Amino acid sequence: MSDLTSFFATVKNLPQPDLIFANPPCETFSVATRGTFNSGNTGNLYYYEDGTPITDFEDWKSSTSTNIRNLKRDKGLYFENIKKIRDGHERLHMNTETIIRYFGVPFAIENPAQSICFKKFYQNSSELLELPYFYDAMTYYLAYDPDFLTKPTKIRASIPLVLRPKPIYDSKKRFEKIHNYNEKSAMPHNLIKSIVYQLLGID
């Protein structure tokens with residue numbers, strides 16, 4: 001949803017939504033592809049640790065990340081490509097903020113707990129629903145379904161959410177059992193239900 005023009009043209013004729021539950025792209029902002037750079041900054045393939053985009057190719061190339069060090073493709077072309085991907089994903093997050101402002105309804109934004117996106121977006125909450133600040137809640141996928149990986153996740157919402165702590169048992173599900181992207185990106189149904197019910201004030 002990089003262009004909101006057609007989106008707003010469509011939704012203006014639809015009933016007001018009860019809430020907004022957003023799960024914007026997380027791959028670009030994930031810390032899973034960590035590396036260390038000559039500049040002394042850590043981060044991932046796209047950003048330094050503080051959320052600053054990596055624009056210096058020579059510094060990017062110096063990362064100790066195995067993803068970069070062992071890259072067989074032309075690193076210059078690859079670097080240009082990930083900058084385009086980053087720009088597109090940043091636009092999606094900015095559009096999420098715009099949609100929240102447009103509708104002015106209760107909302108929740110979900111991304112991995114250490115996602116860099118929380119350092120870059122959804123910060124100026126005084127402009128969102130006239131709230132003084134966002135409320136952050138941490139939980140784990142495994143706490144809501146034993147077939148999921150542990151996966152710590154953060155929910156940034158318009159109200160305080162009460163979510164389950166990390167379970168004491170281990171996940172039965174392993175990476176080799178995850179067959180596709182949709183499975184990897186799916187959220188436990190009971191976690192979604194809990195968030196939606198709390199946003200709507202349903203006991």
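Tabulated data for the structure shown
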quantity: Hits in the range 2-19 - residues which are hydroxyl-bearing (Ser, Thr, Tyr) and assigned to a loop (DSSP other than H, G, I, E, B); calculated: SER2
quantity: Qualifying positions in the range 63-86 - out of contact with any helix residue (DSSP H, G or I) (no Cβ under 8 Å at 6 or more places or on another chain), surrounded by 14 or more Cβ atoms within 10 Å (Cβ to Cβ) and more than 20 Å from SER39 (Cα to Cα); calculated: TYR78
quantity: Hits in the range 46-62 - residues which are in contact with a helix residue (DSSP H, G or I) (Cβ under 6 Å, 6 or more places away or on another chain), within 22 Å of TYR122 (Cα to Cα) and not β-branched (Val, Ile, Thr); calculated: TYR46, GLY51
quantity: In the range 25-38, the residues that are of a type outside the set (Ser, Thr, Tyr) and within 22 Å of the chain's Cα centre (by Cα); calculated: PRO25, CYS26, GLU27, PHE29, VAL31, ALA32, ARG34, GLY35
quantity: Residue match in the range 76-89 (condition: closer than 23 Å to ASN44 by Cβ, modelled with pLDDT of 90 or more and among the small types (Gly, Ala, Ser)); calculated: yes
quantity: Selection from the range 1-35 of residues that are loosely packed, with under 14 Cβ neighbours inside 10 Å and free of Cβ contacts under 8 Å to residues at least 40 places away in the same chain; calculated: ASP3, THR5, SER6, ALA9, THR10, LYS12, ASN13, LEU14, PRO15, ALA32
quantity: Cβ pairs under 8 Å, 6+ apart, first in the range 90-107 and within 22 Å of GLY201 (Cα to Cα) and touching a residue at least 40 places away in the same chain (Cβ under 8 Å), second surrounded by fewer than 20 Cβ atoms within 10 Å (Cβ to Cβ) and among the aromatic types (Phe, Trp, Tyr); calculated: ILE99/PHE7; TYR102/PHE8; PHE107/PHE21
quantity: Members of the range 1-19 found to be of a type in the set (S, T, N, Q) and under 22 Å from the mean Cα position of the chain (by Cα), listed by number; calculated: SER2
quantity: Of all residues in the range 20-67 being among the hydrophobic types (A, V, I, L, M, F, W, C) and outside any loop (DSSP other than H, G, I, E, B), the one that is modelled with the lowest pLDDT; calculated: PHE29
quantity: Only listed residue being of a type in the set (Ser, Thr, Tyr) and at pLDDT 90 or above, chosen from TYR141, TYR133, TYR169; calculated: TYR141
quantity: Odd one out for ALA22 among (1) within 29 Å of THR96 (Cα to Cα); (2) among the small types (Gly, Ala, Ser); (3) over 15 Å from the mean Cα position of the chain (by Cα); calculated: (3)
quantity: Positions within the range 68-120 being closer than 30 Å to TYR135 by Cβ and assigned to a loop (DSSP other than H, G, I, E, B), in sequence order; calculated: GLY104, VAL105, PRO106, ALA113, GLN114, SER115, ILE116
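The values are calculated or read from the model by the stated rules, or taken from the named source; none is laboratory data. Remember, predicted model here, so these are calculated numbers, not experimental data. Don't worry about glycine lacking a Cβ; one is built from the backbone with ideal geometry, like all the others, and counts go over all protein chains shown.
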